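Undergrad: Below is one structure. I have some questions about it.
Derivation of every value follows stated rules applied to the coordinates shown; laboratory data play no part. It should be emphasised that the depicted structure is a prediction, and the values quoted were computed from it without experimental measurement. For neighbour counting, all protein chains shown are included, and Cβ atoms are generated from backbone atoms with ideal geometry for every residue, glycine included.
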Amino acid sequence: MNKKIIILIIAIVVIVTVGCVGFWIINSNNKANSNNSNSTENQSNNEIKEETPNDNAETNDKKVAVIYFSATGTTEKIAGYIKNVTNGDLIEIEPKEKYTSADLNYGNNNSRATREQNDSSARPEIKNNINTDNYEVIYLGYPIWWGDVPKIILTFLDSQNLDGKILIPFCTSGSTGISGSVNTLKNYKKNIIWLDGKRFSASTSLEEINSWVTNLNY
């Protein structure tokens, strides 16, 4: 083989080899820079996430109780839903003397509930001891009786020091709204932070309760 041709072949091999090595070095450096850039970006994003305040953190940190009175079980069902959503403590207001169907006869002017609701001084006794000292937020549930709160709710308010606490009323009824009963509560105890609350029917779903609680601002 001609000597010149051999030299040319060797030169071509050297050039190709140098080119391949150079490409590999450049490509490796680019990958390293890219990885470093991604790592820095991820770290920055994580720092931003950690510094961004959770809008619901204050709400979630508050100790919650769901306290309710239920004579027929309807309010108890709604209270259970609220307990599930808030992860609060569920506490029933138990009357010392349970209400019978005769006691709740709206058509009888001499039924127990009718007499209580017509007597501004009536305060039915509560059987169980309830301590609200450790709670900052209290969901307070009751059925609507004769357009208003059952008088046993006022007994409960009298038995507690609720000054400065957040109370969220919720009621159950066939059609009567909650505003009248909330006005009664606000006028009865003025040093409580009362929210407007909400009325629910017997058919209210857990999803509806979840939507309501999630949108509360306290």
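Undergrad: Any idea which of Tyr139, Asn161, Ser120 is furthest toward the positive side of the dipole for the stretch 88-170, if Lys and Arg beta-carbons carry +1 and Asp and Glu beta-carbons -1?
TA: Ser120
Undergrad: Within the stretch 125-218, what percent of beta bridges assigned by DSSP are antiparallel, to the nearest 5? The partial results should precede the final answer.
TA: Details: 1 of 13 bridges.
For the stretch 125-218, the DSSP antiparallel bridge percentage is about 10.
Undergrad: About its Cα centre, what dipole magnitude does the stretch 113-218 give when the only charges are +1 on Lys and Arg Cβ and -1 on Asp and Glu Cβ, stated in debye to the nearest 20? Before the final figure, lay out each step's value.
TA: On the way: 10 positive and 11 negative charges, 40 e Å.
Value, rounded to 20: 200 debye.
Undergrad: Another one. Net charge near Ala122: determine it from the other residues with C-beta under 11 Å of the C-beta of Ala122, scoring Lys and Arg +1 and Asp and Glu -1.
TA: On the way: positive: Arg112, Arg115, Arg123, Lys151; negative: Glu116, Asp119, Glu125.
Counting the neighbours of Ala122, the net charge comes to +1.
Undergrad: Another question about this same structure. Could you work out the local net charge near Trp212, counting Lys and Arg as +1, Asp and Glu as -1, over the other residues with Cβ closer than 12 Å to its Cβ? Each step should come with its number before you reach the end.
TA: On the way: positive: Lys198, Arg199; negative: Asp196, Glu207, Glu208.
Here the charged neighbours net out to -1.
Undergrad: Going by a ≥ b ≥ c, the root eigenvalues of the Cα gyration tensor, does the stretch 57-214 fall in the rounded group (a/c under 1.5), the prolate group (a/b larger than b/c) or the oblate group?
TA: Details: a/c = 1.72, a/b = 1.37, b/c = 1.26.
It comes out prolate by the Cα gyration axes.
Undergrad: What is the sum of charges, Lys and Arg at +1 and Asp and Glu at -1, for the other residues whose Cβ falls under 9 Å from the Cβ of Pro95?
TA: Numbers: positive: Lys96, Lys98, Lys127; negative: Glu94, Glu97, Glu125.
Here the count lands on 0.
Undergrad: Another question, then. May I ask you to order 118-125, 134-141 by the average number of other C-beta atoms within 10 Å around their residues, highest value first?
TA: Values: 118-125: 12.1, 134-141: 20.8.
Result, highest mean first: 134-141, 118-125.
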